[in-house]
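The values are calculated or read from the model by the stated rules, or taken from the named source; none is laboratory data. Everything numeric here is computed off the predicted structure, so don't read it as measured data. Neighbour counts are summed over all protein chains in view; Cβ atoms, including those assigned to glycine, are modelled from backbone coordinates with ideal geometry. When the accessible area is computed, the model is the full protein with side chains, heavy atoms only, and any ligands, DNA or RNA have been set aside. Shrake-Rupley method; radii C 1.70, N 1.55, O 1.52, S 1.80 Å.
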Amino acid sequence: MSYHVAAYLVSKQRLEALTKGKSQLAEVWKDVEAHEHTKTFAHNLDEGFADDFKDGCPDTYRALLTLMQGKAQEATEWEYMYGYALQLLCETYGQALTNEGFTELTSVEYLLDLEVFSAKVLNFRVYDDFFAMPPALPLPLSEYPMVGFLPLSRAKSLAKGFAELNLEHPEFGKGLSTLQSWVDHMLTEKKDLITFFY
């Protein structure tokens, strides 16, 4: 089994505007369909979970509507669809970053090992900082996708930790280099970071 990691530069304010009932779904859906990669992303979600729709799971459009109305946190079923709906918003309004350090991720244990390593040498925890969902995200609790949010205010201290680290580690070097590039992009673009792991 393989796992996927996606990361986006986003504006927290933009995400809040999109998920607190302040935006119109018709306008957002028009933006989704205006770009081939976002249109394909939405189509692939609907195709991938078609069997679940028969049992009451919301399709992408309905999940996005619930998310944008600020009601996704109330969901007690099909929680994963709201995480993917949030990823669709990031695909549409954020900037996708490279995930090359995680393209061959075949075990969750890698992230756990990276967590222990980073806690020892970087004074931060990779999982907590990059992948753990803070309570402020407008989502129900869900095992997958795991969604993380890292505010821009944390980027400078993380960058300092990376600057003092040898990224040639045979096991964790590629993953850490990718994380460092995300933090560098945050500082350059002055944006927050949101991640998805599934």
>> Being over 20 Å from the mean Cα position of the chain (by Cα), assigned to a loop (DSSP other than H, G, I, E, B) and of a type outside the set (S, T, N, Q) is the filter here; which residues of the stretch 17-36 pass it?
In response: Gly21, Lys22
> Considering only the stretch 32-73, how many residues are in contact (Cβ under 8 Å) with a residue 40 or more places away in the chain and open to solvent by 50 Å² or more (accessible area, probe 1.4 Å)?
Replying inline: 5
>> Restricting to the stretch 43-62, name every residue that is farther than 18 Å from Val147 by Cα and either assigned to a helix (DSSP H, G or I) or β-branched (Val, Ile, Thr) (or both).
In response: His43, Asn44, Asp46, Glu47, Gly48, Ala50, Asp51, Asp52, Phe53, Tyr61, Arg62
> Quick check, is Leu137 under 15 Å from the mean Cα position of the chain (by Cα), within 29 Å of His35 (Cα to Cα) and at pLDDT 80 or above?
Replying inline: no
>> For the stretch 104-112, check the following and say yes or no: at least one residue is over 11 Å from the mean Cα position of the chain (by Cα) and within 28 Å of His35 (Cα to Cα).
In response: yes
> With respect to Tyr82, is the statement that it is under 24 Å from Ala17 (Cβ atoms) and either among the hydroxyl-bearing types (Ser, Thr, Tyr) or open to solvent by 70 Å² or more (accessible area, probe 1.4 Å) (or both) true?
Replying inline: yes
>> Looking only at the stretch 1-15, count every residue that is surrounded by 14 or more Cβ atoms within 10 Å (Cβ to Cβ) and not aliphatic (A, V, I, L, M) and tell me the total.
In response: 5
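The rows are residues; the columns are (1) touching a Pro at 6+ places or on another chain (Cβ under 7 Å); (2) under 24 Å from Trp182 (Cα atoms); (3) at pLDDT below 95.
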| position | (1), (2), (3) |
| --- | --- |
| Met1 | no, no, yes |
| Ser23 | no, no, yes |
| Glu27 | no, no, yes |
| Lys39 | no, no, no |
| Gln73 | yes, no, yes |
| Tyr80 | yes, no, yes |
| Cys90 | no, yes, no |
> What strands (runs of 3 or more DSSP E) lie completely within the stretch 95-198 and have 1 or more residues being surrounded by 14 or more Cβ atoms within 10 Å (Cβ to Cβ) and β-branched (Val, Ile, Thr)?
Replying inline: 146-150, 192-197
